[in-house]
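Enquirer: Once you've had a glance at the structure underneath, I'll fire off some questions.
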Amino acid sequence: MKLGVISDTHVASFGIRKVASHLIQRVNVDEDELYKLLKPHFQGVKAVLHCGDIVDQSVLDMLENFGEVYAVAGNMDPYSIRAQIPEQRIVEFGKFKIGMIHGWGSPEGLSTRVRQKFAGEKLDCIVFGHSHQPYDRVEGGILMFNPGSATDRRFAPKRTIGILHLEDRIWGEHIDLA
């Protein structure tokens, strides 16, 4: 089974948020372009996990084309998004339990901070975002996976997404987007 993992899309479809996304965050991708970039990789996944900083509902609507969408709110998400989705959640696929959270603060120590938010839970994986940097390491017996940002190159040289492979074990793969 495969799950699509995406974070930090920062896509705004209208108004001042769109202007800010293009100028301040240098996000030059709208949801239609993002769909075209994702389609070859997310077509056929069981579900899509969005790790926050969605910014506009249109992104979640677009992701539903690939399967059921599970999302958490990020620090840049407006109230309209935060009112619909939690900041932290646990999802289960077969025998695997996956924690979802956006993250906060400096990239330094981010995986430790998000892992601590799930203390006491028996998880196989935690997916998170915030840093815009791909991350794929096993820490304390838990796969810590950050897909990076699908739209922004400010903090990493490439725009990336992820695929979680749920087989005998769970493992992650990063995919560079054009």
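Enquirer: For the condition surrounded by 24 or more Cβ atoms within 10 Å (Cβ to Cβ) and either in a strand (DSSP E or B) or out of contact with any Gly (no Cβ under 7 Å at 6 or more places or on another chain) (or both), what is the one hit in Ile175, Ile161?
Expert: Ile161
Enquirer: Looking only at the stretch 124-155, which residues are surrounded by fewer than 18 Cβ atoms within 10 Å (Cβ to Cβ) and among the aliphatic types (A, V, I, L, M)? Walk me through how you get there before you give the answer.
Expert: So in the stretch 124-155, the residues surrounded by fewer than 18 Cβ atoms within 10 Å (Cβ to Cβ) come out as 133, 136-141, 153-155.
Within the stretch 124-155, just Val138 meets the criteria.
Enquirer: If you don't mind, there's one more thing I want to ask. Do you know which residues across the stretch 87-109 are touching a Leu at 6+ places or on another chain (Cβ under 9 Å) and part of a loop (DSSP other than H, G, I, E, B)?
Expert: Of everything in the stretch 87-109, those that are touching a Leu at 6+ places or on another chain (Cβ under 9 Å) and part of a loop (DSSP other than H, G, I, E, B) turn out to be Gly94, Lys95, Gly103, Trp104.
Enquirer: Could you identify the single residue in Asn75, Asn65 that is surrounded by fewer than 16 Cβ atoms within 10 Å (Cβ to Cβ) and under 14 Å from Ile6 (Cβ atoms)?
Expert: Result: Asn65 is the single residue among Asn75, Asn65 that is surrounded by fewer than 16 Cβ atoms within 10 Å (Cβ to Cβ) and under 14 Å from Ile6 (Cβ atoms).
Enquirer: Also, I was wondering about something else. What single numbered condition from (1) farther than 19 Å from Thr9 by Cα; (2) at pLDDT 95 or above fails to hold for Glu108?
Expert: (2)
Enquirer: Cβ-Cβ distance below 8 Å, separation of 6 or more or different chains: which pairs start in the stretch 100-119 with a residue that is over 13 Å from Phe145 (Cα atoms) and end on one that is of a type in the set (Ser, Thr, Tyr)?
Expert: From residues that are over 13 Å from Phe145 (Cα atoms), the pairs are Pro107/Ser131.
Enquirer: Could you list, in sequence order, all residues of the stretch 36-52 that are small (Gly, Ala, Ser) and either buried (at least 23 other Cβ atoms within 10 Å of the Cβ) or in a helix (DSSP H, G or I) (or both)?
Expert: The answer is Gly52, and nothing else.
Enquirer: Out of (1) within 16 Å of Gly162 (Cα to Cα); (2) surrounded by 20 or more Cβ atoms within 10 Å (Cβ to Cβ), what's the single condition that is false for Val55?
Expert: Only one criterion in (1) within 16 Å of Gly162 (Cα to Cα); (2) surrounded by 20 or more Cβ atoms within 10 Å (Cβ to Cβ) is unmet by Val55, namely (1).
Enquirer: Restricting to the stretch 54-86, name every residue that is closer than 24 Å to Val138 by Cβ and assigned to a strand (DSSP E or B).
Expert: Tyr70
Enquirer: Another question, then. Scanning for something in a loop (DSSP other than H, G, I, E, B), of a type outside the set (D, E, K, R) and in contact with a helix residue (DSSP H, G or I) (Cβ under 7 Å, 6 or more places away or on another chain), does the stretch 131-148 turn up at least one residue?
Expert: Checking the stretch 131-148: at least one residue is in a loop (DSSP other than H, G, I, E, B), of a type outside the set (D, E, K, R) and in contact with a helix residue (DSSP H, G or I) (Cβ under 7 Å, 6 or more places away or on another chain).
The values are calculated or read from the model by the stated rules, or taken from the named source; none is laboratory data. Note that this is a predicted model, so its numbers are computed, not measured. Here the Cβ is made from the backbone with ideal geometry for all residues, glycine too, and neighbour counts use every protein chain on show.
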